[in-house]
Structures are given as structure tokens and as C-alpha cells.
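Only one structure is covered here, and it is reproduced in the block below.
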Amino acid sequence: MRKQRWLLVLAGLGILCVLTLCMGLSVSRAEGDDERERACFLASYQQELAKNYDGAITSLAGVPDSYLAQLRLGWLHYMKGNYASALTAYASAIKKCPDSIEARLGDLLPLLAKEDHPAVEKVAQQILGVDSVNYLASLRLAYSLRLQKKNDQALEVLDRMVKRYPTDTSLRIEQALNYTAKGQRETALPLYNGVLLLDPYNATAKPYADAAGKAVRENFSKSYTCEGAKDYTGALAAIANMPKSYLVELRRGWLCYLKGEYPEAVTHYRAAIDTMPTSTEAKLGSLLPMLAAQDYTETVVMARKVLADDKENYLANLRLAYALRLQKETKQAAAILERLVQHYPTDVSLLTEQGLVAQANEDHDAAVQIFNKVLMLDPTNETAKAQLGIK
């Protein structure tokens, strides 16, 4: 429930392609070529861990030009602070994979760092033209608009997102900062204090703490502390006497899910949805106990409710495909994943599910190819290793 602030989210798109040397994978290219490429990527990753970005970039010198290589170079140049080179690499990745959303989200990082706000708006709108309520594109666009003092436009973007993600602290902080910039302190104060319920140590919101809400904040803080200690009973007890509200029901749903009480979790999530029908986050949350309880029929129904509002929603599509596969509706699952992978070509979760669906459809050659790609991105992936017979 507690989200990291937008600056941490902003840095979250680094595509760290951890590659292995000794997998012995079945690949279409010559085995020696494959091993050399994995060695280059592994060396690049190790250099990045040491914050030697020049070394990480140089390690890729022998890698064939590809979408994946350019995506990684874009990230590494951004981390190095060489924004012009980062933009060149991201542009090359987009050219190689025009439907990629992940490459455009990456492109926003150096653009924001350069404070090239017109370009930020252009790229963000390209993403939103495909996925109209994409979370990261909306958040980064709103941030850019605020820095340009276009507060009303920023708030329009944020209002559209907050009704879908009411407890997202990054969105709420941006809202509060825009109202503060407009001189509307009385509107901003409840937003700052709402953030403190979700993130009691939020440095931006803390100066605006309202003494009247101290007891409520302490109850939530105690609940978070208990959750951190995996004392889910204690976490629930800390908010047991609080009046029913969207936030309380959402938290109870999450805690019951963690506790393994799946029917109770679904009940609380549904109560949250009843309180705030536009909430995407509550619907997505309810999918977790439904899947855990293997109630795939209800999972499909709820996922499609999310997609009726946001057809490109990543989590709803991924969880829908998973439920359809387990219902043996693998053709439907394959179609969903094929579309989504075009937007996120290096997403390991999507690729793993796509490989399992291909296997279920008895398209074994495609499955091998997909699982090999998974292992190129995540060499410890147990599902891919098991499917390829690698110990």
C-alpha cells in the first residue's frame, strides 16, 4: 500500500540484463556466439553494480545491435549522466520496436533530467495515446507540467489517476504540491495528511502534519510495524476499531491476503470497491486472494472489469492471462500476452507466462525460444530453467 516517492519510481525502469556464462541453452544462433553475448552482458551488469558505467558500456561493445542492447545502453548512459547519448540509444530502441512502451518510459528519464519539458510532454502523450491511463507516463507528465507551472493541466492528469489509485502516495504528493503552488493551502493540507497515513515518514508531507490526525496516524503506523514483523494479526488489530472507510477496507483486504484468509480478503476488497467504484487498485488487489484461492472464474470477471476502464493495464492483463491458462483457455491467453509483450518486450513476467502458454498450446519451439530469452534476462528464473531441463 505504501508507495515509494516518485523519484524512486522514476529510476525503476533500468533494464538490468543479468546474463549467465554456463547455461548450455538451446538457441537458434551458434552456441559460441550466444556465450560471447551473455559474457558481454554479464560483464556489463557487474560493472554497473560497481557504478562503473563507462565499463558497463564498454562491455557491450561486442554485442550485436539489437533492441535489448540499445535499451540497456540508454539506461547506462542515463545513469552516467550522458543524457544526449541516452536519448540516442532510446531512440534507436524505439525505432527497432515501435510499439514499445517501456522504451518510451525509459526515454522520459533523460528528457526529465535535461528539463526538456516539451519533449517530455510529446513522449508521454505518445504513451498515453496507446495506454490512456499509464501510471508512469501520467506521473512523469504531471511532474513536468508542475515544473512548468502548468498546475491546472497537471491536476487534470493527476485527478484522472487518483480516482483509480486513491492511496498512491506519489500521485497524492504531486497533487498537494500543485495545490500548494496555486496558493490553495487548505486544499493541499488534507492531501499531505492523507499521505502520512500511508507513509508516516514522508519527508515532503511531514511538515504539514495535522495534530488532530495524530491518533489515526499512530494506529496505521503500528499496523505497518506489525506487518513488517509479519505479525498480520497484530497489524489487523491496530486498525480494528477504526471506522469503515475505503483505506481501512483496502488495508484489511491486503492483510487478510498476507495472513492466508482469502475469502475474508476478497470481502474487504469488495467493500473498498463498493466505497470507491472507480478504484483500479482495489480491483487489482482483489485479484491476489482470488488467484491464491484458485478462483479463476472470479479472477477473470474482476480482471475484465479493470480492462473495461483501462484495456492496456499491465497487471490486469497479466493476471487475466494466468487465470485463462489455468482454465485451459490458452488461445485467449496467448492473444493477450502477444499484444502486451509488444509494449514490454523485456518483461520477464510476461515472457515467462507467454512461454508457459506456448507450452500448453504445444508450440514447443516457440516455448524454448521464449524461455531462452527469459534466461538471458533472468538467469536464475526457476520456471524457465525447469521448462528447459536446466538444473
Can we say Glu362 is over 20 Å from Arg38 (Cα atoms) and touching a helix residue (DSSP H, G or I) at 6+ places or on another chain (Cβ under 9 Å)?
no
Flagged in region 287-315 as among the hydroxyl-bearing types (Ser, Thr, Tyr) and more than 19 Å from the chain's Cα centre (by Cα), in numbering order, are Tyr296, Thr297, Thr299
Leu258: passes all of (1) part of a helix (DSSP H, G or I); (2) under 25 Å from Tyr192 (Cα atoms) but (2)
Being hydrophobic (A, V, I, L, M, F, W, C) and within 30 Å of Ser279 (Cβ to Cβ) narrows Leu105, Leu87 down to just Leu105
Check your understanding: Taking Leu76, is it in contact (Cβ under 8 Å) with a residue 40 or more places away in the chain, buried (at least 21 other Cβ atoms within 10 Å of the Cβ), aliphatic (A, V, I, L, M) and assigned to a helix (DSSP H, G or I)?
Key -> no
Within region 160-187, the residues that are more than 19 Å from Gln148 (Cβ to Cβ), buried (at least 21 other Cβ atoms within 10 Å of the Cβ) and without any contact (Cβ under 8 Å) to a residue 40 or more places away in the chain are Arg172
Only one of (1) farther than 23 Å from Arg252 by Cα; (2) at pLDDT below 95; (3) not in a helix (DSSP H, G or I) does not apply to Lys149, and that is (2)
Of Leu284, Leu258, the only residue that is surrounded by fewer than 23 Cβ atoms within 10 Å (Cβ to Cβ), under 19 Å from the mean Cα position of the chain (by Cα), closer than 30 Å to Pro243 by Cβ and not polar (S, T, N, Q) is Leu284
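The values are calculated or read from the model by the stated rules, or taken from the named source; none is laboratory data. Everything numeric here is computed off the predicted structure, so don't read it as measured data. As a convention, Cβ positions derive from the backbone with ideal geometry for all residues, glycine included, and neighbour counts pool all protein chains shown.
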